[in-house]
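A short write-up of the structure that comes next.
The values are calculated or read from the model by the stated rules, or taken from the named source; none is laboratory data. Here the structure is a predicted model, which is why all the values come from computation and not from measurement. As a convention, Cβ positions derive from the backbone with ideal geometry for all residues, glycine included, and neighbour counts pool all protein chains shown.
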Amino acid sequence: MEVAVQDISHLFNAKAVLSDISYSFRANRVTAILGKSGSGKTTLLQILNGMIKPDSGTVTVSKLPLNYNALPVVRTKMGYVIQQAGLFPHMSIKDNITILGRVGKQTDENISARVNQLMNLVQVPLSYLEKYPHELSGGEQQRVGLCRAMFLDPPILLMDEPFASLDYETKQGIYQHLLDIQKAGPRTIILVTHDWDEAVKLSDHFLWLENGKIRAHGDRTELRIAKALYFEQA
């Protein structure tokens, strides 16, 4: 499912956060949004999800304008993963993962089957379903967050610095889980990160934002060139 923005601009406290951004995120590919803090990465992701309505410009999903009057329906097609997983601390792991299924009144049989499938995919023991988030490690919580975001099998997965707080070894394991998930069922993944090595490992395409504008974009080959330029200026 293709997601695109056209002539997007947005102000915050009279300061331009994004300026005239136009870009098409390829269907069933991983695109990394890169840039330093304050470059507009998270704002762009929130605009794609409808959390922020831009001051000007349009967002399209499958070439249709984003319907701000039907965001709950739109968001069933968009999984959203953030730093620290964002799990509800008072809910069990099972309840965290299945909340959208229960809201959508899916059958217990369908819910159980989907939970088992996802937990096996990210290699979290089924015995953890009755635990609570504080009983899991950071990496385990992040994998559960992936399960929750993917419960409805959304064709679009938005990820905002999801691995930033994890140690190197844990990151490598989760990277492989994400690649396995993408291989098992390709979807449009948009990954906000400041980590260029992460982008090189995970993404097919990239979008480099600088001061709210597009500095560069392209495929893996062009990403390596842009990475060298980025660190030359750092």
(message) Just to be sure before I move on: is ILE52 in contact (Cβ under 8 Å) with a residue 40 or more places away in the chain, not assigned by TED's automatic domain parsing to the domain that holds GLY218 and not in a strand (DSSP E or B) in the structure I sent?
(response) no
(message) Of all residues being out of contact with any helix residue (DSSP H, G or I) (no Cβ under 7 Å at 6 or more places or on another chain) and not charged (D, E, K, R) in the stretch 18-33, which is surrounded by the fewest Cβ atoms within 10 Å (Cβ to Cβ)? Just the residue, please.
(response) SER22
(message) Can you confirm whether ARG102 is in contact with an Asp or Glu (Cβ under 9 Å, 6 or more places away or on another chain), surrounded by fewer than 17 Cβ atoms within 10 Å (Cβ to Cβ) and assigned to a helix (DSSP H, G or I)?
(response) yes
(message) When the residues of the stretch 64-103 are narrowed to those that are farther than 29 Å from GLY138 by Cβ and not hydrophobic (A, V, I, L, M, F, W, C), which ends up farthest from the chain's Cα centre (by Cα)?
(response) ASN69
(request) Give the residue that is nearest to VAL122 (Cα to Cα), with candidates limited to residues of the stretch 160-187 that are under 15 Å from the mean Cα position of the chain (by Cα) and part of a helix (DSSP H, G or I). (result) HIS177
(request) Report whether or not LYS183 is surrounded by 14 or more Cβ atoms within 10 Å (Cβ to Cβ) and among the basic types (Lys, Arg). (result) no
(request) Could you pull out the residue among LYS15, LYS41, LYS36 that is under 14 Å from GLY212 (Cα atoms), assigned by TED's automatic domain parsing to the domain that holds ASP219, buried (at least 17 other Cβ atoms within 10 Å of the Cβ) and of a type in the set (D, E, K, R)? (result) LYS41
(request) Could you list, in sequence order, all residues of the stretch 215-234 that are of a type in the set (A, V, I, L, M) and under 20 Å from ALA27 (Cβ atoms)? (result) LEU223
